[in-house]
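In what follows, a single structure is set out as structure tokens and then discussed.
Each reported figure results from applying straightforward, stated rules to the coordinates on display, with no laboratory input. Quantities reported herein were computed from a predicted structural model and do not represent experimental measurements. FYI the Cβ positions are ideal-geometry reconstructions off the backbone, even for glycines, and counts take in every protein chain you see.
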Amino acid sequence: MKRSLIALISACALGLAAAAPATAQTPWPTQPLRLYVGSAPGGGTDAMARAVADKLGPALGQTVVVENKPGASNTLAAVQALRSTDNHSMVMGVSTAHAIAPHLLKLGYDNDRDLVPVVFVGAVPNVLVVNNDMPAKTAQELIALLKARPGAYNFASSGAGSTQHIAAELFKDAAGVQMIHVPYRGSGPALVDLMGGQVQIAFETASSVIPHIQSGKVRALAVLSEQRNPQIPDVPTLAEAGLPGVEMSAWYGIYMPSSVPAAYQTRIHDEVNAALSQPDTQKRLQAIGAQLKPMSQSAFAQFHQAENQRYAAIIKKNRISLE
């Protein structure tokens, strides 16, 4: 009797082991991971990626290598991640690539099918700034200046179809003003010319422009978020400045190829959220103007879809194109 019971227990144990998913039996990661970034070193996307990678590597027991692949509205990084089939590549996605570019570019991949939103990292609001030679000290004074001299002033962006470009188009539409668009290849050169006076206005991301605001090299008139930013608390929101409804933020999150097993995606999701809960990580990201908002993976997927629909409507209504 005892032998029969022991044999039955052993058989059940073997059956449970056989039923366990393969991913649970296979250690992962088994090699260094690559986190692709669609912009040059030093920008907001790069800063977000490195803050996450510095924590993610030790948590996973493997090095997380950040690789910059700038170009094509941040989408070249996604292409690079999709070329990998080893389940060890991911991309620091940004709204420019994953919510705006699909409506402006012919992509070499399906934005909804080939990549999976895994973990939301944070959002960085755009800030309306002018160079120090501009007489306007408030958003309303700027609007009055633009109305008095239609088309006389330029605004810089980090490229056609960027959040900076779309924010300016929303502002123009809401305020009833005209400005000339001057696109650059990134925030760095755009800010250099803004400070040098070659262009007068920008709707730059907080991560790129806050250091220049704090050093007095440019003047901030308003933030394009629902609430004021803690890093520049004296700068009003655009709604407070008398122009409600014009909001723009660049958001960031990690995407992985859809071929990556769900268990691996969950591991990245959990470890990144754990990193984002640590005070030193929060301080590092908040220093560049980031606002953190933890989401489940399913909530991030829903957010991805909603943002795609929102930008599709904005781009259509304002006739925005890359031409």
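What is the set of long-range amide H partners of VAL65 at a cut-off below 5 Å, with H atoms built 1.01 Å from backbone N?
LEU33, ARG34, LEU35
Across the range 141-153, in residue order, what do the Karplus-derived ³J(HN,Hα) couplings come to in whole Hz, using 6.51 cos²θ - 1.76 cosθ + 1.60 with θ = phi - 60° and x for Gly and Pro?
Values per residue, Gly and Pro as x: 5, 5, 4, 4, 5, 5, 6, 6, 9, x, x, 8, 10 Hz.
222 nm [θ] for the chain, helices only, -39500 (n - 2.57) per DSSP H run of 4+, per residue, to 500?
-13000 deg cm²/dmol
Taking amide H positions as placed 1.01 Å from N in the peptide plane, with prolines and chain starts having none, which residues 5 or more places from VAL119, or on another chain, fall under 5 Å of its amide H?
So VAL119 has HN proximity to ILE254.
For the range 285-307, list residues with backbone N below 12 Å from a point placed 7 Å from the Cα of SER258 toward its Cβ?
Taking a point 7 Å out along Cα→Cβ of SER258, no residue of the range 285-307 has its backbone N under 12 Å.
Starting from 0.36 nm per residue, how many nanometres of slack lie between LYS317 and ALA40 once their C-alpha separation is accounted for?
96.6 nm
In the chain, what % of DSSP beta bridges are antiparallel (nearest 5)? Provide the component values of the computation, followed by the final result.
Working: 24 of 40 bridges.
Here the antiparallel bridges make up roughly 60 percent for the chain.
What is the set of long-range amide H partners of LEU221 at a cut-off below 5 Å, with H atoms built 1.01 Å from backbone N?
Close amide H contacts, sequence-distant or interchain: LEU128, VAL129, VAL130.
To test your reading of the geometry: what angle, between 0 and 90 degrees and rounded to tens, separates the Cα axis of helix 2-19 from the longest principal axis of the chain?
Computed tilt is about 30 degrees.
Arrange the peptides 269-281, 235-247 so that the one whose residues have, on average, the most other Cβ atoms within 10 Å appears first.
Result, highest mean Cβ count within 10 Å first: 235-247, 269-281.
Using 0.36 nm per residue, how much length does the chain from THR138 to GLN305 gain when fully extended, once their Cα-Cα distance is taken away?
56.6 nm
Could you give me the radius of gyration and the Dmax of the chain, taking only the C-alpha atoms into account and expressing both in angstrom?
23.0, 98
Report, ordered by chain and residue number, the aspartates and glutamates lying within cross-link reach of LYS217, taken as a straight Cα distance under 19 Å and ignoring same-chain residues fewer than 8 apart.
Counting by Cα, and skipping residues close in sequence, LYS217 has these aspartates and glutamates nearby: ASP133, ASP193, GLU204, ASP234.
Less than 12 Å apart at the alpha-carbon level, and either on another chain or at least 8 residues along: which aspartates and glutamates does that give for LYS317?
Reachable aspartates and glutamates: GLU169, ASP173.
Determine ³J(HN,Hα), in whole Hz, for all residues of the range 158-168 in sequence, where each value follows from phi through the Karplus function 6.51 cos²θ - 1.76 cosθ + 1.60 and θ = phi - 60°; x replaces Gly and Pro.
Result, rounded to whole Hz: 7, x, 4, x, 6, 4, 4, 5, 5, 4, 5.
With θ set to phi - 60°, apply the Karplus curve 6.51 cos²θ - 1.76 cosθ + 1.60 along the range 310-320 and write out the HN-Hα couplings as whole Hz, x wherever there is a Gly or Pro.
Values, residue by residue: 5, 5, 4, 5, 5, 5, 5, 5, 9, 6, 7 Hz.
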